[in-house]
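The block underneath contains the structure these notes are about, expressed in structure tokens.
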Amino acid sequence: MSGKRTLIPDWAKRTTEDLLVTHGEGPHVVVTGISPSGDIHVGNLREVLVGEAIANALKTCGAGVHFVFHADTIDPLRRIAPGVPEEYERYIGHSVSRIPDPEVCHASYAEHFLAPFEEALRRMEIDIEVVRSHQLYEDGFYAAVTREALLHTAKLREILQKVSGRKIPEHWSPYLPRTTEGRLGGVRILEHLPEENKVIFVDEDGWEDAADYSKGEGKLGWRVELAARWKALCATFEPFGKDHTSRGGSTDTADQMAQEVFRYPVPGRYEYEWIQIRGRGAMSSSKGIVLLPGELLKIMSPDALRRMILGRDPGRALDLDLTEGFPRFMDEYQASSGQLLVPFTHLVTISQIARGDTDAAVEMLLQGGYREAVSDREKLAENLAYAHNWAQNWASEPLKLGLLELSEAVEAARGLDETQLQYLNEVASLLEGSMDGDTVQSLLYTKAAEHGLKPKQAFAAVYTVLLGRESGPKAGPFIVSTGVWLAQQRFLGVIRDTMAGGVEG
RNA sequence: GGGCCAGUAGCUCAGUGGUAGAGCAGGGGACUUUUAAUCCUCGUGUCGUAGGUUCGAUUCCUACCUGGCUCACCA
């Protein structure tokens, strides 16, 4: 029921078996990575989870595995993320690790977006080493491959041109030094001094300068860096989103560069499809269509999130339905993970009535016959919190239960007829704070009959005044949970205001 | 145009080389102290189209049609 089960899905098993054949028994290095130039969303999380699944499968086969998250913190800012002030335009071309945090809460622009993601990785207990590329460059980790790249500039340029089909400028260089203004690239390399780890370059204004590539004074261009990084990190496997894997794309060029220039075997690969949010479209940091892992961890457990993001097969596009479809997902998840089954929608109702009072929730669950579900109170409290958060943020209106303000209640009560109002009036006069749920329920029912109201009409009156709807959770226990006194005041208040407003007596 | 993915009951989707399944919706019934409550019951759909392989294909292959996404360093 608890404990971490590592079940290996079919797609991961197949991929891993191939990998063991093509790349040997290990030790393996599984690499994932992303550029923190904007929100790191659950689409990005899919890459990490695919990597994790492969890493786990490798471990199960007895192979040694090192699992790495390569944060591309040295990457230049290309466009400012939504919500970032416009004056950040002037940082375009600067390394995101060297740009101030727009909200001043972290050490840099990069950290601002990286931190929440790292927090999610931690909460999901993913066994991964997070490295920052600006750190690696500054530590000289990429010095050797950078030197190699510079020495093979002509060959790299040829590959780039041939494979991508793009015209590459004459003076192209795989290395982008940082100018005195802090911008990467846009300069011309004049000379490479391999024994000093330096390049001499001239900037747009004709100023000559030098950059030490063992100290992070520049970086490799993206496509070259990808291949170089495989070698430097000893990567044997890396998942890629489909945007990278199309013909002429970055994996195409990197594959050839790895083989012909770096003399390094191309790591195993898994191409995963993208995730869309139902009704909003494909996730995109730049369009502001984004769902953060942290948001989802508010409504489900890490394990459920893992299941949701991977889907049946990450090679297939996923259309995340967090509204109507979510309860079903949760029920299926619970069933398949052997947990006690309380229908999610029921949990949603209870969580909203109990509002954090676990004792009250236990009471209601017992009444509903969910005896087993209350045995683990800690777990239950957690699930109630998930359900409650979901109700707040994602549920459609009919599933939300919120008490009306008095003025809203008066407004809603206009739809009630006189008999219903009189019924509420009498009920209010008979309610007592000491009553329990069943007593209130029975009071509501008997008084309905006495007023000649069908139960449905009577209860509709109650729900209308309290919730603004014609139906709701079982009325007696609900009223007790809100506090009998509160319901009583609400009934009386509505009667008073409605009568004063001109309803005939 | 290249690539990837999909096209199965009204909707959302499972599924397997051998007479097609689930959930929801919908119909019928029970209950009748209310609920998007509970219980019972009801599904012959050209499994996108056309070919091929096979004793036999929805499941494998080919072509095509339709839809989605992706190919400017945004997973």
Local electrostatic count, A:Pro293, Cβ distance below 15 Å [Lys/Arg +1, Asp/Glu -1]: -2
Cα lying deepest toward the dipole's positive end in the stretch A:166-261, options A:Gly186, A:Gly218, A:Val261, charges on Cβ: A:Val261
Rg/Rg_globular for the stretch A:322-399, with Rg_globular taken as 2.2 N^0.38 Å and Rg from C-alpha atoms: 1.01
Cα-based radius of gyration of the stretch A:337-486 once divided by 2.2 N^0.38 Å, which approximates compact folds: 1.10
MRE, 222 nm, helices only [DSSP H, n ≥ 4, -39500 (n - 2.57), over chain A, to nearest 500]: -14000 deg cm²/dmol
Kirkwood hydrodynamic radius over Cα pairs of chain A, then Stokes diffusion coefficient at 10 °C and 1.306 mPa s, in µm²/s: 59 µm²/s
Rg and Dmax of the stretch A:406-499, Cα atoms only, in Å: 11.5, 31
Dipole axis of chain A (+1 Lys, Arg; -1 Asp, Glu on Cβ), positive-most option in A:Phe329, A:Pro455, A:Ser429: A:Phe329
Cα-based helix-to-principal-axis angle, A:358-367 vs chain A, degrees rounded to 10: 60 degrees
In the stretch A:18-65, the GluC sites (Glu not before Pro) that fall in loop regions by DSSP, at most 13 other Cβ within 10 Å: A:Glu25
Assigned charges on the beta-carbon of Lys, Arg, Asp, Glu; the stretch A:322-399 dipole about Cα centre (debye): 20 debye
Filter on A:Lys298/A:Lys400; A:Lys447/A:Lys474; A:Lys162/A:Lys242; A:Lys242/A:Lys298; A:Lys400/A:Lys456; A:Lys400/A:Lys447 - keep pairs with C-alpha separation over 24 Å: A:Lys242/A:Lys298; A:Lys400/A:Lys447
Rg ratio (alpha-carbon, reference 2.2 N^0.38 Å) - the stretch A:271-317: 1.18
A:His106 versus A:Ser407: modelled label distance in nm, points set 7 Å from Cα along the beta carbon direction: 4.1 nm
Quarter of the Cα convex hull surface for the stretch A:397-452, i.e. its orientation-mean projected area (nm²): 5.0 nm²
About the Cα centre, charge dipole magnitude for the stretch A:197-276 (Lys/Arg +1, Asp/Glu -1 at Cβ), debye: 520 debye
Peptides A:232-240, A:160-168 ordered by average Cβ neighbours within 10 Å, highest first: A:232-240, A:160-168
For the stretch A:350-424 versus the stretch A:126-154, the gap between their alpha-carbon centres in whole angstrom: 55 Å
Positive-pole candidate from A:Met308, A:His106, A:Pro477, dipole of chain A, charges at beta carbon: A:Met308
Descending semi-axes in Å of the stretch A:34-91, equivalent ellipsoid built from Cα gyration tensor: 34, 12, 5
Cut-off 16 Å, label 7 Å out along Cα→Cβ of A:Thr245, residues of the stretch A:273-305 by amide N: A:273-275
Computed P(r) (all Cα pairs; the stretch A:166-219; 10 Å bins; percent): 26, 57, 16, 0
Cβ charges +1 (Lys, Arg) and -1 (Asp, Glu), total dipole of chain A, debye: 1140 debye
Hydrodynamic radius (Kirkwood) for the stretch A:221-279, which is based on Cα pairs only, to one decimal in Å: 12.0 Å
Pairwise label distance in nanometres, A:Asp357 with A:Asp10, each label 7 Å out on the Cα-Cβ vector: 4.9 nm
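Read-outs throughout are calculated quantities, based only on the coordinates presented, and are distinct from any laboratory measurement. For clarity, every value in this text was computed on a predicted model and none was experimentally measured. Note: ideal-geometry Cβ built from the backbone for every residue, glycine included; neighbour counts use all protein chains shown.
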